[in-house]
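The values are calculated or read from the model by the stated rules, or taken from the named source; none is laboratory data. Keep in mind that what you see is a predicted model, and the values were worked out from it rather than measured. Glycine gets a Cβ as well: all are built from the backbone with ideal geometry, and neighbour counts include every protein chain shown.
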Amino acid sequence: MATEVIMPALSPAQETGILIEWFKEEGDLIEKGEPLMEVETDKANVEVEATTTGILANITVNLGDEIPVGKVIALILADGESVPESKKEYSSSETKVSEEDTAQLQTTISNPLDPSANLPTNKIVASPKVRQYAKKEGIDLSFIKGSGPNGVILMEDVLVNQSSTETEENDIPTSKGWRLMADRLTESWSSAPHFNLVRHLDVSNLVTYKKQVQEKNSNRLTYTDLLIKLVSITLKEHPRINASWIDNKIVKNSEINVGLAVDFDGGLIVPVIHKTDELSLGEITNRRKDLITRTQAGKLRSGDLDRGTFTISNLGMFDVDSFNAIINPPQAAILAVGRIVDKVVPVDGLPAVRPILTLNLSFDHRVVDGVRGAEFLKTLSNLIENPLQSG
């Protein structure tokens, strides 16, 4: 039986996706787990993998199309299987229109004054080249009126809009991803009652432990890797912190999936390392490195953004001492990490210089009360100051 390829929901608030690239052509064999297509969401470009093995067939959309989540856009056929008649009828007419639209769009882009150009109107009609340029420059095409036939957005429309925007000194261009981030964090700040707990830690043992582990490994170990490991151990001991507030109920998450706040061109994004409590420190290092590299390159895959249960935001590399972070809904907590700074502190009644790390935990009071938050922070702090206890 043919397997339907649909436009997937790659983030919680996603309603549509833009098809950027097919990695296979019709008639090609695709293996389960192989990259099949690249989709642009409001947050990032994501590589979507094939869910089964077979022959790619019956593609019904074009590159650059904005497609509703759940829409069938192709089929994967088993060996010896043909496209069902019902699908053939549907796809033959839709594909014919799509091919004509593509050719017409190319004509319109190259010769906008050609009276024969007559492209059907969509929500946003623009060539992949125009979409790619707009994405690179952080321009939202939905705010641009196309000057081409039937509202086609031409490259000159984008350039004129960009020029006029730059002349407005008080306006900073914002992408869809940035506005989505702003909406989600505003919702979190206004709906989730935040409270914060702060702790200053002597991380002498952590610094020594990191050096010892690094000497035995070729991959560069970071303090973020260590924190992911120690946070995961702590979450397993305090499962209430790993829960979510959903539909006026506290819902326990069965997995421990740690997200990392990462800056990229379109704003802030939180890719997720899944089941971190089951990973070794070396595995965490490898996955963190791969995930951040792909995030910054705009090459996220299906699943990289979903099912996060706790977030770490580390600004220590920017010489920030401490800060308060906003919870990433529907999670119940986020850990804000500053830099490690040498400070004079009392040790056995005498002044001594020690490396100090400041942790700031933000909690959703609907899920976590002050005592539970303090107990979680106490366990985590003990592990950070004495990492050998983590095993």
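Would you please name the residue that is nearest to Asp304 (Cα to Cα), looking only at residues in region 21-48 that are of a type in the set (Asp, Glu) and crowded, with 18+ Cβ neighbours inside 10 Å? Reasoning before the result, please.
Restricting attention to region 21-48, the residues satisfying the condition of being of a type in the set (Asp, Glu) are 21, 25-26, 28, 31, 34, 38, 40, 42, 47.
Checking which are crowded, with 18+ Cβ neighbours inside 10 Å leaves us with 38, 40, 42, 47.
Numbers: Glu38: 13, Glu40: 14, Asp42: 14, Glu47: 10 Å.
Looking at the filtered set, the residue picked out is Glu47.
Ile284 passes every criterion in (1) within 29 Å of Lys136 (Cα to Cα); (2) in contact with a helix residue (DSSP H, G or I) (Cβ under 7 Å, 6 or more places away or on another chain); (3) among the β-branched types (Val, Ile, Thr) apart from (1).
Could you list all residues from region 65-78 that are outside any strand (DSSP E or B) and either touching an Asp or Glu at 6+ places or on another chain (Cβ under 7 Å) or crowded, with 21+ Cβ neighbours inside 10 Å (or both)? Full working, then the answer.
Our first condition is that a residue be outside any strand (DSSP E or B); within region 65-78, this holds for 65, 69-71, 78.
Answer for region 65-78, where residues must be outside any strand (DSSP E or B) and either touching an Asp or Glu at 6+ places or on another chain (Cβ under 7 Å) or crowded, with 21+ Cβ neighbours inside 10 Å (or both): Asp65, Val69.
Just a yes or no: is a residue in region 185-194 part of a loop (DSSP other than H, G, I, E, B), at pLDDT 90 or above and closer than 29 Å to Thr295 by Cα? Yes, the conditions are met somewhere in region 185-194.
Using the structure shown, decide if Gly33 is more than 27 Å from the chain's Cα centre (by Cα), in a loop (DSSP other than H, G, I, E, B) and over 25 Å from Gly138 (Cα atoms).
Against the criterion (more than 27 Å from the chain's Cα centre (by Cα), in a loop (DSSP other than H, G, I, E, B) and over 25 Å from Gly138 (Cα atoms)), Gly33 does not qualify.
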